[in-house]
1. Determine which member of the set A:ILE276, A:ILE212 is under 19 Å from the mean Cα position of the chain (by Cα), β-branched (Val, Ile, Thr) and within 23 Å of A:GLU109 (Cα to Cα).
2. Here are A:GLY125, A:GLY131: which of them is of a type outside the set (Asp, Glu), under 24 Å from A:ALA255 (Cβ atoms) and modelled with pLDDT under 90?
3. Please note which helices (runs of 4 or more DSSP H) are completely contained in the stretch A:261-354 and include at least 3 residues that are over 13 Å from A:LYS163 (Cα atoms).
4. Looking at B:THR67, B:THR62, can you tell me which residue is assigned to a loop (DSSP other than H, G, I, E, B) and modelled with pLDDT under 90?
5. Against the conditions (1) assigned to a loop (DSSP other than H, G, I, E, B); (2) surrounded by 18 or more Cβ atoms within 10 Å (Cβ to Cβ); (3) without any contact (Cβ under 8 Å) to a residue 60 or more places away in the chain, where does A:SER246 fall short? Just the number, please.
6. Kindly indicate the residue of the stretch A:362-382 that is among the small types (Gly, Ala, Ser) and surrounded by 22 or more Cβ atoms within 10 Å (Cβ to Cβ) and also farthest from the chain's Cα centre (by Cα) among those meeting that condition.
7. Restricting to the stretch A:242-282, name every residue that is away from chain B (no Cβ under 14 Å) and among the acidic types (Asp, Glu).
8. With (1) within 27 Å of A:ALA336 (Cβ to Cβ); (2) among the polar types (S, T, N, Q); (3) surrounded by fewer than 18 Cβ atoms within 10 Å (Cβ to Cβ) as the list, and A:THR213 as the residue in question, which single condition is left unmet?
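The values are calculated or read from the model by the stated rules, or taken from the named source; none is laboratory data. Just so we're clear, the structure is a prediction, and the values are computed from it rather than from any experiment. In this analysis, Cβ positions are derived from the backbone assuming ideal geometry, glycine residues included, and neighbour counts consider all displayed protein chains.
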Amino acid sequence: MTEPRSRAWAARPSASTGRPGRPTCWPTRASEAFADAGVEPSDVDAIWVGSLYPFTGLSGGMAVDALKLFGKPATHVENFCASGLDAFRNACYAVAAGICDVALACGVEKILDQSASGLPLDVLGAHPVMGSVSAPAVFALAATRAMDEWGWTREDLAAVAVKNHDNGADHPKAHFRRQVSVDQVLGSPCLAWPLGRLDACGVSDGAAAAVITRPDLARDLPHKDDFPWVKAVQLSVHTGWPVYKSDFDYLGFPATRQAARQAYEEAGITDPRSEIGLAEVHDCFTITELLNIGDLGLCDQPEAAAFVNDGRANFDGEIPINASGGLKSFGHPIGATGCRMIYEVTRQLQERADGRQVKDASFGLAHNLGGQGSAVAVTILGANDTGP
Amino acid sequence: MIDLEGGGRIFLDVTDCQPDDVHPGLDVELTFRRIHGGGGYNNYYWKCRPNSASTDTASTDTASGGTGTPIETRQA
């Protein structure tokens, strides 16, 4: 696939506790996106909305009802935690194919009124006697494996939480805007050893939206001088149940490596470590961020703990990882997270970040890891001056 | 998570040992246990435990376990 690429901008994330029923912040987020993009809601040719849980909404109907765009083509996308970036990917394809002039990609999730103390587990196919293995349990196994293989410590994991909460404390749209210390992380209640509560991202409600259009149309809109380009939208679905494959070693996720490889190829990036200016990676747990950094090729896998500890992943470091604060600070409204990352990367490349501004980034990467590493989406946006 | 001899993987609780005994690569065997019960009914499922010292790992009703990465013991 070659250029011209469509572009994205004006995504609006939010993390808020809404009232039971219809997601309440989503319409506001979409309005803000339309306003920022300079389009009318009626200009939207089609909508893709990512969300995971049936109780958040079903079918494209959830989109047209929430956004009052009755009659529009609307598709509900579900790919575990990659739903948001997959919705974005589908919307980009529609614009790049010339089917739509303007497409809306959004993500939404409403979990907090389900009275579950963590992620509701019914999606994992519970055994009637054994029950489900929780998300912390699955990633705890990756943590014990990495500790055994590379000598990573709980302090190494905690460094990720400290960094991300430090970043998120400065972001007005983050759900959790409080710094944490290593001691607080280590002392937090244990979920699944070695992961404690502060090793895990929070459960949050939220929504985000992005408007995508073609270059020629974008040149007549408010962001004509600073719209980012969509350089790569890639998805790799390894299997529904990666951890059951006998060659899965818990030392990283094959789907991430594949999606990243495909994305770098699509974007023409030959040396990610020098070309990627910032990365929003899926830090559902601290261990996940560490493994992601290696899987995305941003450092050698065993070095990821040192990479964070040395400050190279800080917002002003070599490759800022989660300068927004990540899932740790924003929580993980599952369907919304991918679109929130698009928002963050877009604004970073436009040099109008809400929180900490990363300097001189040409390419920004957004990464979602869905399920146990089942579905991974990697999206790369380029700053306006990286266009053809 | 346990790698079974002959192939396949399964999530199981580890039992009959201390948490510090559990590490990746621990050799385990399957054992059939009561998991929970109530109202006069009991529910059974497998757990695993460190391989007993005996070299005879054949069992009448369950396959032998293999090495793997055991999961944390669940709190009752």
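1. Numbers: A:ILE276 fails: within 23 Å of A:GLU109 (Cα to Cα).
Only one candidate passes the filter, namely A:ILE212.
2. Numbers: A:GLY131 fails: under 24 Å from A:ALA255 (Cβ atoms).
The unique qualifying residue is A:GLY125.
3. Numbers: elements: A:272-275, A:286-295, A:304-309, A:326-330, A:334-349.
Result: A:272-275, A:286-295, A:334-349.
4. Values: B:THR67 fails: assigned to a loop (DSSP other than H, G, I, E, B).
Answer to the selection: B:THR62.
5. Checking A:SER246 against (1) assigned to a loop (DSSP other than H, G, I, E, B); (2) surrounded by 18 or more Cβ atoms within 10 Å (Cβ to Cβ); (3) without any contact (Cβ under 8 Å) to a residue 60 or more places away in the chain, the one that fails is (2).
6. Filtering the stretch A:362-382 for residues that are among the small types (Gly, Ala, Ser) and surrounded by 22 or more Cβ atoms within 10 Å (Cβ to Cβ), the one farthest from the chain's Cα centre (by Cα) comes out as A:GLY382.
7. Initially, the stretch A:242-282 is screened for residues away from chain B (no Cβ under 14 Å), giving A:252-282.
Hits for the stretch A:242-282 are A:GLU265, A:GLU266, A:ASP271, A:GLU275, A:GLU280.
8. Failed condition: (3).
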